[in-house]
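Engineer: I'd like to ask you about the structure that follows.
The values are calculated or read from the model by the stated rules, or taken from the named source; none is laboratory data. Being a predicted model, the structure only gives us computed values, none of them experimental. Because the Cβ atoms are built from the backbone with ideal geometry, glycine has one as well, and the counts that use them run over all protein chains shown. Accessible surface areas use protein heavy atoms only, side chains included; no ligands, DNA or RNA. Shrake-Rupley method; radii C 1.70, N 1.55, O 1.52, S 1.80 Å.
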Amino acid sequence: MTLDELTNGEPFDAVIIGGGINGCGIAEEAAARGLRVALFEATDFGFGTTWRSTKLIHGGLRYLEHGDVRLVRESLRERSWLLQTRPYLVTPQRLFLPMLPWTRRPGWQLRIGLAAYDLLALYRGVPKHRALRREKLRELAPYLPGSAGGGFSFYDARIHAPERLALELALEARRLGAVIANHTRVVSVTSDGKRVTGVVVEAEGEAHAIPTRAVINAAGPWVDAVNEHGGLPGVELLGLTRGTHIVFEPEQPLGRDAVFSNNEARRARLLRRPAGPSLAGRHD
């Protein structure tokens, strides 16, 4: 169906703005529930935050530290679903949590937290955590500093290509009847003063007015910019942070594991660049 045909067609139940992992997931879920939806992405699917991620499918260990058990349970359920349904794309990832001089939690608290993490996951899809003595940790991760006094190993999951998952969800949404269009920028959200009536999109230099009963803003870090298209009050919804990925050539292979460092200033997950996509996430 062309954009011109959409302009003269029945209003959509919802138009989704943003073709990242969230927008594509929403489109697939909405279409699966029988809603008439359209997804518009300004560039390409998964182009923004999705492919620039750390590529972890995690249950949110730090959310557990903050007491958000419901979010952790939900995230772990999704992790399990991805491990089961897309084993070619999502694989278990072992992480080491070393006890370092700047580690902000004592060992007994970390042990309780990791045990709760295992329990909430119902032990589905990945092995449970293990306590590691200093010698064993040094054997498994000789690149850690000598000040590491033992620690733990635990598992989350790694996605090898998050943009592919976004595309798969978009294609599934289309199979279920959704209209999916990339390189189609939403430039305006129209309303009758009380409720949304449509969106205006630009594609190949032409503008098209698409009627819809609702708009879902899934534009990620651009969510405030998209809200401006609808003439909404200039209230910033997001407090943005920027992650830093440092890529370097090690003097010797680092192995296939990740390191989770928890200190007073920040929490960082350091993942090496894998030797090959078929090996990333595996462990010895």
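Engineer: Confirm whether GLU204 is of a type in the set (D, E, K, R) and within 23 Å of the chain's Cα centre (by Cα).
Structural biologist: In short, no.
Engineer: Residues that are part of a loop (DSSP other than H, G, I, E, B), of a type outside the set (Ser, Thr, Tyr), modelled with pLDDT of 80 or more and open to solvent by less than 100 Å² (accessible area, probe 1.4 Å): does region 261-283 have at least one?
Structural biologist: no
Engineer: Among the residues of region 195-241, how many are assigned to a loop (DSSP other than H, G, I, E, B), of a type outside the set (S, T, N, Q) and more than 15 Å from PRO11 (Cβ to Cβ)?
Structural biologist: Step one: of region 195-241, the residues assigned to a loop (DSSP other than H, G, I, E, B) are 195, 204-205, 213-214, 218-219, 230-241.
Filter once more, keeping what is of a type outside the set (S, T, N, Q): 195, 204-205, 213-214, 218-219, 230-240.
Keeping just the survivors that are more than 15 Å from PRO11 (Cβ to Cβ) gives 204-205, 218-219, 230-240.
Within region 195-241, residues that are assigned to a loop (DSSP other than H, G, I, E, B), of a type outside the set (S, T, N, Q) and more than 15 Å from PRO11 (Cβ to Cβ) number 15.
Engineer: Same structure, new question: Any chance region 32-43 includes a residue that's modelled with pLDDT of 95 or more, open to solvent by less than 20 Å² (accessible area, probe 1.4 Å) and outside any strand (DSSP E or B)?
Structural biologist: Among the residues of region 32-43, not one is modelled with pLDDT of 95 or more, open to solvent by less than 20 Å² (accessible area, probe 1.4 Å) and outside any strand (DSSP E or B), which makes the answer no.
Engineer: Another one. List pairs: first in region 182-194 and touching a residue at least 60 places away in the same chain (Cβ under 8 Å) and open to solvent by 70 Å² or more (accessible area, probe 1.4 Å), second of a type in the set (A, V, I, L, M) and part of a strand (DSSP E or B), Cβ under 8 Å, 6+ apart or cross-chain?
Structural biologist: From region 182-194, the pairs are HIS183/ALA203; ARG185/VAL201; ARG185/ALA203.
Engineer: Going through LEU171, LEU122 one at a time, which residue ends up being over 30 Å from VAL37 (Cα atoms) and surrounded by fewer than 17 Cβ atoms within 10 Å (Cβ to Cβ)? Explain how you work it out, then say what you get.
Structural biologist: Numbers: LEU171 fails: over 30 Å from VAL37 (Cα atoms).
Just a single option satisfies the conditions, and that option is LEU122.
Engineer: Might you let me know whether region 179-191 holds any residue that is part of a loop (DSSP other than H, G, I, E, B), within 24 Å of GLU5 (Cβ to Cβ) and among the hydroxyl-bearing types (Ser, Thr, Tyr)?
Structural biologist: Checked region 179-191: at least one residue is part of a loop (DSSP other than H, G, I, E, B), within 24 Å of GLU5 (Cβ to Cβ) and among the hydroxyl-bearing types (Ser, Thr, Tyr).
Engineer: Scan region 197-227 for residues that are within 17 Å of ALA27 (Cβ to Cβ), open to solvent by 30 Å² or more (accessible area, probe 1.4 Å) and at pLDDT 90 or above and jot them down.
Structural biologist: ARG213, ALA214, VAL215, ILE216, ASN217
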